[in-house]
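Inspection log for the structure reproduced underneath, given as structure tokens.
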Amino acid sequence: MLETRCDVTTITLYCIRPLQNNETPKLRGFFGNLYRNRAEFHHHGNTGLIYQHPLIQYKTISGTGRMMGLEKGAFLLQAVDIPNAIEIDRERIEVLESKRTTEQVPIGSTKKSLAYRFITPWLALNELNYKRFISTKSITGRENILNRILVGNILSLCKSIGFSVEERIVSSMQIEGTQQIEIKNGVELLGIAGTFSVNFALPNWWGIGKQSARGFGTIQRVEE
């Protein structure tokens with residue numbers, strides 16, 4: 001199926017102080033506690049973590065807090081009561097201003113490649129492909145590994161919204177750097193920085209890969 005459109009709802013919170021990048025998981029925790037009855041907000045079910053692409057994601061961008069919902073997640077965020085304050089590590093942080101927008105954005109296969117940049121580290125690798133990535137010494141070889149993972153991330157996104165992909169997705173990744181990211185005490189994942197081109201339209205500011213609900217793997221369209 002070629003490019004279509006999907007609903008994206010974004011809630012932006014302008015707080016009395018800037019929110020830090022490492023506070024994104026706490027933002028998720030705050031709203032997850034408010035809406036415990038909906039797994040889309042906290043991504044946990046009766047048996048633990050839900051292993052599917054999250055339809056609600058949390059981010060801190062330039063000091064502002066953001067919640068983004070895609071399709072079903074967008075519908076849920078349209079009904080959220082925006083609080084006058086949030087709580088992070090027992091600190092009450094006043095929300096001075098908020099904004100909620102809903103728009104239809106393109107998603108799907110395109111006739112020409114589109115360019116994107118990761119504006120937060122992309123956590124692409126699991127234990128198995130991390131070993132393969134580290135043992136591969138050439139940049140080209142490493143980028144080929146990441147291209148396959150990137151296509152898998154896109155297919156996972158599409159599966160979560162019931163979108164059928166019939167055309168072959170072709171990705172070209174350019175690694176700009178890596179860094180170790182501590183996602184919880186004693187657990188680190190390799191974060192990838194860089195750009196990629198792909199014949200697939202993706203929602204701007206959306207996240208792919210591991211921990212995308214907590215702000216990692218957020219992409220920005222690079223206009224040519």
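Since every read-out is calculated from the coordinates, none of them should be taken as a lab result. None of these values were measured; they are calculated from a predicted model. Cβ coordinates were reconstructed from backbone atoms using ideal geometry, including for glycine residues, and neighbour counts include every protein chain displayed.
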Using a Gaussian network model on the chain with a 10 Å cutoff between Cα atoms, which of G162, G63, G191 fluctuates the most? G162
D (Stokes-Einstein, µm²/s), Kirkwood Cα radius, the chain, 0.890 mPa s at 25 °C: 135
Find, among the chymotrypsin sites (Phe, Trp or Tyr not before Pro) in segment 1-99, those assigned to loop by DSSP (not H, G, I, E, B) with at most 13 other beta-carbon atoms within 10 angstrom. Y51
For E223 paired with V165, estimate the spin-label separation in nm (one decimal), with each label point 7 Å from Cα along the Cα-to-Cβ line. 2.7
Measure of size requested: the Rg and Dmax of segment 109-222, with Cα atoms as the atom set and Å as the unit; please supply both. 13.7, 44
The answer for GluC sites (Glu not before Pro) in segment 134-200 that fall in a DSSP coil and have at most 10 neighbouring Cβ atoms within 10 Å is E166
Here is the link list: K99/K184; K59/K210; K26/K59; K131/K210; K59/K137; K184/K210. Which ones come out longer than 22 Å on Cα distance? K99/K184; K59/K137
Explain nothing, just the number: dipole magnitude of segment 4-104 about its Cα centre with +1 on each Lys and Arg Cβ and -1 on each Asp and Glu Cβ, in debye rounded to the nearest 20. 100
Starting with the highest mean, order 109-119, 94-104 by the number of other Cβ atoms within 10 Å, averaged over the residues of each peptide. 109-119, 94-104
